[in-house]
Amino acid sequence: MYSPKGNGKDKAVPSVTFVEAEPPSHLRGIVHRYLELNTNGALAEDYRFHALPDACTYVVFDQLDPNIAGVSRLRAESQEFNLGKTFHYVNIRFLPGVWQGDLDQVAYGMVNTPYGGELPLVDLNHEFAGHSFADQQGVLSKLVEGLVERKLVAPNPITEKIFQNLDDIQTVADMAEVSDISARQLQRTLKRTTGFAPHDFLKVIRLQQALNGDDTWNYADQSHFIHSFRKATGYTPGKYSKKFDV
């Protein structure tokens, strides 16, 4: 089953903490993980966060400035963000394709401006103050339940079928076949619900499968894998594993 890895943590910065927590069982078809990323004291140098493409949508809360929050996603190539010397974020990572809200209101990349949308993200961010990440997870779950009621998030039967049949998928045509829809329907559905065209969606899945240990999943050969990995991340697989923990 598809289990995305959202970032590479620089091995040279042990004072940066990255914690993932599973959602309650009734939300696991919608939420992949709750996340916390923070510094244990000020760093000597600015920290650059290497965000890997994963086709997920995120709700982001900046714990150092409760007015900064938002909904975000990544593009088909990895991105590096300068988070500065101190930071503290709490995020919800939704599974690919479950976000049903307007994609025009979703930011790409880092959230760094005050939130002005209709969701109660700023109020929740103020409510989080002084609470541990473990205590915050209940509030995050209530937020997700509210999004479900408003039909802003929902299980996606197309991406679910794709993830359940990864071993049988080598091409975009295979994705359409296992989804029981036409190639045109697949194009429309993935673009609307993930923001990715089918070809880019397949590239992201390939990369994530490689990061989960199946280094050559769905690649023609080792050299093709290395070329594709470097194009997506900016690193060869060997250099990436030396620089980052994933």
Picked from region 6-22 (must be assigned to a loop (DSSP other than H, G, I, E, B) and not hydrophobic (A, V, I, L, M, F, W, C)), the residue modelled with the highest pLDDT is GLU22
Residues GLN136, GLN170, GLN208, GLN164: which one is at pLDDT 95 or above and either within 25 Å of PRO24 (Cβ to Cβ) or surrounded by fewer than 19 Cβ atoms within 10 Å (Cβ to Cβ) (or both)?
GLN136
Scanning region 183-197 for residues that are farther than 12 Å from ILE162 by Cβ and either in a helix (DSSP H, G or I) or assigned by TED's automatic domain parsing to the domain that holds GLN105 (or both) gives ALA183, ARG184, GLN185, GLN187, ARG188, LYS191, ARG192
Residue pairs meeting the criteria (Cβ under 8 Å; at least 6 apart or on separate chains; first outside the structural domain of VAL204 (by TED's automatic domain parsing) and of a type in the set (Asp, Glu), in region 138-164; second part of a helix (DSSP H, G or I) and surrounded by 15 or more Cβ atoms within 10 Å (Cβ to Cβ))
GLU145/LEU27
Scan region 99-118 and tell me whether some residue there is modelled with pLDDT under 95, farther than 30 Å from PHE81 by Cβ, touching a helix residue (DSSP H, G or I) at 6+ places or on another chain (Cβ under 9 Å) and part of a loop (DSSP other than H, G, I, E, B).
no
Testing ILE92 on (1) surrounded by fewer than 17 Cβ atoms within 10 Å (Cβ to Cβ); (2) assigned to a strand (DSSP E or B); (3) not small (Gly, Ala, Ser), one condition comes back false. Which one is that?
(1)
Here's a check for you: in region 68-89, which residue that is in contact with a Leu (Cβ under 8 Å, 6 or more places away or on another chain) and hydroxyl-bearing (Ser, Thr, Tyr) is surrounded by the fewest Cβ atoms within 10 Å (Cβ to Cβ)?
THR86
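The values are calculated or read from the model by the stated rules, or taken from the named source; none is laboratory data. Computed from a predicted model, the values in this text were never measured in an experiment. As a convention, Cβ positions derive from the backbone with ideal geometry for all residues, glycine included, and neighbour counts pool all protein chains shown.
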